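> Mind looking over this structure? Questions follow.
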Amino acid sequence: MTSDEKTDRCMSGKATAVKPQADVLVVGRSCVDSMAVVDVFPREDTKAPLEFRLTEGGGQGGTASACIARLGGTAVYVGRLGKDPEGAFCLKRLKDFGVETAFVDVVSGGKTPVAYIFVTRKNGKRTIIYERNALPKLTFDDIRPALSRRPRVLLLDPETTYLARVLTPRRIGAIPMVYDCERWRQGMEAMMAAADFFIPSAAFLDSERLGFQGLSFGEKMVRLQARIKGTLIVTRGSYGAYYILGNVLYRVRAPNVPVKDTTGAGDNFHAAFALALARQWDLHAAVRFSVAVASLSCRRYGGRNGIPEEKEALKTAATLKSIRI
């Protein structure tokens, strides 16, 4: 019998099965993605015909959880949803992917946010207009019960930036913390000092709060690495991803795939990276796997529809190289 199969005795004296250790605990936003595909994105105060539309579960945390599960990992999701049709849809879609949802809080009277996404068919670019999340903010008390699943990795999405101050080693133990950085938010300095893996997009390096204006991309990465505690990995769209290891800057180029929609690329990158860490892969292999998953996920419309299965992702990752710059 393995350690994951051992049983605990409850107070009644009966044996209660202990669930296997979770790969990744994901904390963050879920919403509904209402997507419209257009041939050409219209200029302001003009019209454009709709090619087609679709609806899918969205949100950085929700989509990352679905991706981890699709790749064969155990994803435990902590988040809030409203007790409304949109929330029921989000919950159903998480369950459809095999995400563990026991720690999702469904708020009576709450409103599940919706994101309105416009995808340009000719290049796969997307424009997002999102509803702000009006549900109560998550607290450590929402996360605490999920820690009973003994996650190997903790993945935090941008909406949870403010939690950095309370997610201390004393409270969560030695769980590696991966942070999906979108833009400067409340608590960012604390998160920069807390996250073991800090993963922004290249646009974050242009934030005025960082003061990197006039520097090259590589110089910005070096400066940011010096300001954070953990390892820096930067996603850069079709250029792939960059990271620093041992004072050396590396790049993994994105594979050549037919791009239809980039909506979920970033979320799926973070998901794949967190799962790779849970499997104890080295940094080079983890980034190559993440680039492969993110790129392959762009082949279909919707942030989740194109997520590959593990076998295809591994096959693509094997074709990629970590290039020293």
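> When ranked by the protection proxy of mean other Cβ atoms within 10 Å per residue, highest first, what sequence do the peptides 151-158, 297-304 form?
So the order, starting with the most tightly packed, is 151-158, 297-304.
> Past 26 Å, Cα to Cα, is the threshold; run K83/K311; K111/K311; K47/K122; K260/K311 against it and keep the listed order.
Those over the limit are K83/K311; K111/K311.
> Working out 0.36 nm times the residue gap between A36 and D206, then minus their Cα-Cα distance, what length gain in nm do you get to one decimal?
Value of the extension gain: 58.3 nm.
> Still on this model: Cα centroid distance between the range 205-223 and the range 78-103, in Å?
Cα centres, the range 205-223 to the range 78-103: 38 Å.
> Cut-off under 18 Å on the C-alpha distance; same-chain residues fewer than 8 positions from K19 excluded. Which lysines are left, in chain and number order?
K6, K95
> Dipole magnitude of the range 189-325 about its Cα centre, charges +1 at Lys/Arg Cβ and -1 at Asp/Glu Cβ only, in debye to the nearest 20?
Dipole size: approximately 340 debye.
> May I ask you to compute the full-extension gain from I129 to R185, defined as 0.36 nm times their residue separation minus their alpha-carbon distance, rounded to one decimal in nm?
Result: 18.3 nm gained on full extension.
> Counting DSSP beta bridges in the chain, what percent are antiparallel, to the nearest 5?
Just about 45 percent of them are antiparallel.
> Mind checking the dipole of the range 244-325: about its Cα centre, +1 per Lys or Arg Cβ, -1 per Asp or Glu Cβ, Debye to the nearest 20?
So the magnitude is around 260 debye.
> Continuing with the same structure: Determine which lysines satisfy two conditions relative to K229: a Cα distance under 20 Å, and not lying fewer than 8 residues away in the same chain.
Result set, ordered by chain and number: K220.
> Let me ask something additional. Among 206-214, 106-114, what's the highest-first ranking by average C-beta atoms within 10 angstrom per residue?
Result, highest mean first: 106-114, 206-214.
> Next question, about the same structure. So how do 179-186, 95-102, 216-223 stack up, highest first, on mean other-Cβ count within 10 Å?
My ranking of the peptides, most packed first, is 179-186, 95-102, 216-223.
> In debye to the nearest 20, how big a dipole does the chain give about its Cα centre with +1 on each Lys and Arg Cβ and -1 on each Asp and Glu Cβ?
With Lys and Arg at +1 and Asp and Glu at -1, about 440 debye.
> Looking at F273, W184, L283, which one has the Cα that reaches farthest to the positive end of the dipole of the chain (charges on Cβ: Lys, Arg +1; Asp, Glu -1)?
The Cα lying farthest towards the positive end belongs to L283.
> Between V166 and I325, what is the label-point separation in nm under the 7 Å Cα-to-beta-carbon projection?
Label-label distance for I325 and V166, simple model: 3.7 nm.
> Enter the Cα centre distance for the pair the range 131-172 and the range 233-254, rounded to the nearest angstrom.
27 Å
> Okay, next question. Given the DSSP H assignment, sum -39500 (n - 2.57) over each helix run of at least 4 residues in the chain and divide by its residue total; what's the result at 222 nm in deg cm²/dmol, nearest 500?
Helices in the chain give a 222 nm mean residue ellipticity of -7500 deg cm²/dmol.
> Further question on the same structure: Rounded to the nearest 5, what is the percent of antiparallel bridges among the DSSP beta bridges in the range 40-142?
50 percent
The numbers here are math on the coordinates, done by the rules we state, and not lab data. Predicted model, so just to flag it, every value in this text is computed and none were measured. As a convention, Cβ positions derive from the backbone with ideal geometry for all residues, glycine included, and neighbour counts pool all protein chains shown.
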